[in-house]
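Encoded as structure tokens, the structure appears first; notes follow it.
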Amino acid sequence: MSKCELTIVVDDDRMEFQIGDTVTGYLQVRVDSNCRCDGLTLTQEWSTHGKGNRASGGEQVLRLYRGEWQAGEAHSYPFEFTIPEGPVTYHGHYLNVDHYLRAVADIPWAFDPKAERELLVRPSDMASSADDKPKIFGAPVEAAAVAVPPIYIGMFGCMFMLPGLAFAAGGIYNVVGGDSGGIVMALFGSVFALVGGGVLFMGLRNSLAERKLGPVMPSVTPPVAPPGTKLALGLDFNPRSEARLNEITATLKGYESVTSGSGTNTTTHVHTLHEEKIVLRGNGRLFAREAQELAGSVTLPADAAPSFEASDNHLIWKVDFHIDIAAWPDWTASTTIQVPALPDGKG
């Protein structure tokens with residue numbers, strides 16, 4: 001049985017706050033039996049919940065008391081703290097982010113009493129335009145083309161493909177020699193070789209595409225864009241050789257991506273919030289040294305959920321560029337956009 005009971009009381013019973021607001025109140029303690037408290041603390045933090053593994057941050061800890069309590073006593077310990085910059089409260093499909101006040105009393109040799117209260121946190125009215133450069137919801141996502149050096153992807157693919165080919169060859173050799181057990185070895189090696197070959201191809205695909213296209217430069221402006229912003233898209237390249245083009249597209253995507261479990265039991269859940277594709281150029285021929293300066297635009301939804309980045313929990317906005325070349329590897333790249341949280345009605 002707990003030796004005391006904790007209750008978190010917020011002044012005026014207020015539940016909703018804006019970033020930068022001051023939260024005041026008191027932590028009420030009702031003592032049921034004599035005990036020593038080695039530490040009474042109140043913590044304010046945000047925490048994710050939903051399909052993904054839990055993540056938390058923004059922790060602020062107030063140490064309110066340390067000492068002796070007597071049975072029948074009632075104590076009130078005032079607290080005050082400021083709501084930090086980001087993230088705001090978000091309730092989505094797979095991802096939810098909430099703010100909490102959590103109290104705990106460290107009672108030696110006994111169950112530690114706890115209490116919790118949820119707070120609803122909205123964006124500050126002060127961050128009402130792109131010019132204000134408001135803080136991004138959660139940790140910022142870098143606004144840049146997502147690109148891993150092809151050599152690293154190629155090396156990773158070879159780590160699967162080469163041993164897989166060796167296993168497959170060994171299995172086939174055993175089968176030819178009359179050992180039926182080599183069939184399993186050959187199949188196992190073939191799977192590894194195929195996976196490695198696929199990774200290797202994905203890593204080298206853009207390099208192969210640029211043998212015809214030349215270096216390709218995608219752009220999205222502005223990189224930090226509040227909801228409702230019109231994004232200017234650009235794609236510039238100067239073909240090295242002639243090619244037949246199917247189409248060139250840009251796709252605006254907003255989605256939640258959360259991961260649950262760990263190791264071999266890892267599962268990723270993805271929910272699309274918004275997807276819109278535009279064609280920057282239709283089918284036709286590309287001619288060598290005929291510079292391509294393609295432009296287009298797409299608008300973020302007025303109710304676009306703000307960007308968020310935490311361990312195993314992500315809310316991402318990006319533009320995917322795709323150059324579809326007939327009878328040749330395609331070129332693809334993604335550029336991430338930061339979408340800040342704005343006050344209700346100002347998105």
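The values are calculated or read from the model by the stated rules, or taken from the named source; none is laboratory data. Note that this is a predicted model, so its numbers are computed, not measured. Methodologically, a virtual Cβ is constructed for each residue, glycine included, from the backbone with ideal geometry; neighbour enumeration extends over all protein chains shown.
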**Request:** May I ask you to verify whether Asp312 is crowded, with 16+ Cβ neighbours inside 10 Å and more than 26 Å from Thr229 (Cα to Cα)?
**Result:** yes
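For every residue, the table says whether it meets (1) surrounded by fewer than 14 Cβ atoms within 10 Å (Cβ to Cβ); (2) touching a helix residue (DSSP H, G or I) at 6+ places or on another chain (Cβ under 6 Å); (3) over 16 Å from Trp331 (Cα atoms).
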{"site": "Asn238", "(1), (2), (3)": "no, no, no"}
{"site": "Thr249", "(1), (2), (3)": "no, no, no"}
{"site": "Ser257", "(1), (2), (3)": "no, no, yes"}
{"site": "Thr267", "(1), (2), (3)": "yes, no, yes"}
{"site": "His271", "(1), (2), (3)": "no, no, yes"}
{"site": "Val279", "(1), (2), (3)": "yes, no, no"}
{"site": "Ala295", "(1), (2), (3)": "yes, no, yes"}
{"site": "Thr299", "(1), (2), (3)": "no, no, yes"}
**Prompt:** Any idea which residue in region 253-305 is nearest to Ile325 (Cα to Cα), counting only those that are among the acidic types (Asp, Glu) and either outside any strand (DSSP E or B) or without any contact (Cβ under 8 Å) to a residue 24 or more places away in the chain (or both)?
**Reply:** Glu290
**Ser297 at pLDDT below 95 and assigned by TED's automatic domain parsing to the domain that holds Glu242** = no
**Request:** Check off (1) over 13 Å from the mean Cα position of the chain (by Cα); (2) under 19 Å from Gly52 (Cβ atoms) for His269 and give me the number that stays unchecked.
**Result:** (1)
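From the set of residues in region 55-78 that are among the charged types (D, E, K, R) and closer than 25 Å to Val23 by Cα, which is surrounded by the fewest Cβ atoms within 10 Å (Cβ to Cβ)?
Looking only at region 55-78, we keep the residues that are among the charged types (D, E, K, R), and these are 59, 63, 66, 68, 73.
Among the residues that remain, those that are also closer than 25 Å to Val23 by Cα are: 59, 63, 66.
On the way: Glu59: 12, Arg63: 10, Arg66: 12.
Looking at residues that are among the charged types (D, E, K, R) and closer than 25 Å to Val23 by Cα, I get Arg63.
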**Number of the exception - Gly284 against (1) in contact with a Leu (Cβ under 7 Å, 6 or more places away or on another chain); (2) under 24 Å from Leu204 (Cβ atoms)** = (2)
**Message:** Tell me yes or no: at least one residue of region 245-262 is modelled with pLDDT under 95 and either outside the structural domain of Trp331 (by TED's automatic domain parsing) or among the hydroxyl-bearing types (Ser, Thr, Tyr) (or both).
**Reply:** yes
**Request:** Looking only at region 81-90, decide whether some residue is loosely packed, with under 15 Cβ neighbours inside 10 Å, in contact with a strand residue (DSSP E or B) (Cβ under 9 Å, 6 or more places away or on another chain) and not polar (S, T, N, Q).
**Result:** no
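Could you run through region 315-347 and say how many residues are more than 30 Å from Leu208 (Cβ to Cβ) and assigned to a strand (DSSP E or B)? Full working, then the answer.
The initial filter retains those residues of region 315-347 that are more than 30 Å from Leu208 (Cβ to Cβ), namely 315, 338-347.
Next, from what is left, pick out any that are assigned to a strand (DSSP E or B): 315, 338.
Residues flagged as more than 30 Å from Leu208 (Cβ to Cβ) and assigned to a strand (DSSP E or B) within region 315-347 amount to 2.
So, in region 57-87, how many residues would count as being assigned to a loop (DSSP other than H, G, I, E, B), at negative phi and modelled with pLDDT of 95 or more? Show your work before the answer.
Of region 57-87, the ones assigned to a loop (DSSP other than H, G, I, E, B) are 70-73, 83-87.
After this cut, where a residue has to be at negative phi as well, the list is 70-71, 73, 83-85, 87.
Now narrow it down to the ones that are modelled with pLDDT of 95 or more: 70-71, 73.
Counting residues in region 57-87 that are assigned to a loop (DSSP other than H, G, I, E, B), at negative phi and modelled with pLDDT of 95 or more gives 3.
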**Item:** Elements of type strands (runs of 3 or more DSSP E) in region 1-46, at least 3 residues being surrounded by 14 or more Cβ atoms within 10 Å (Cβ to Cβ) and hydrophobic (A, V, I, L, M, F, W, C)
**Value:** 4-10, 22-31
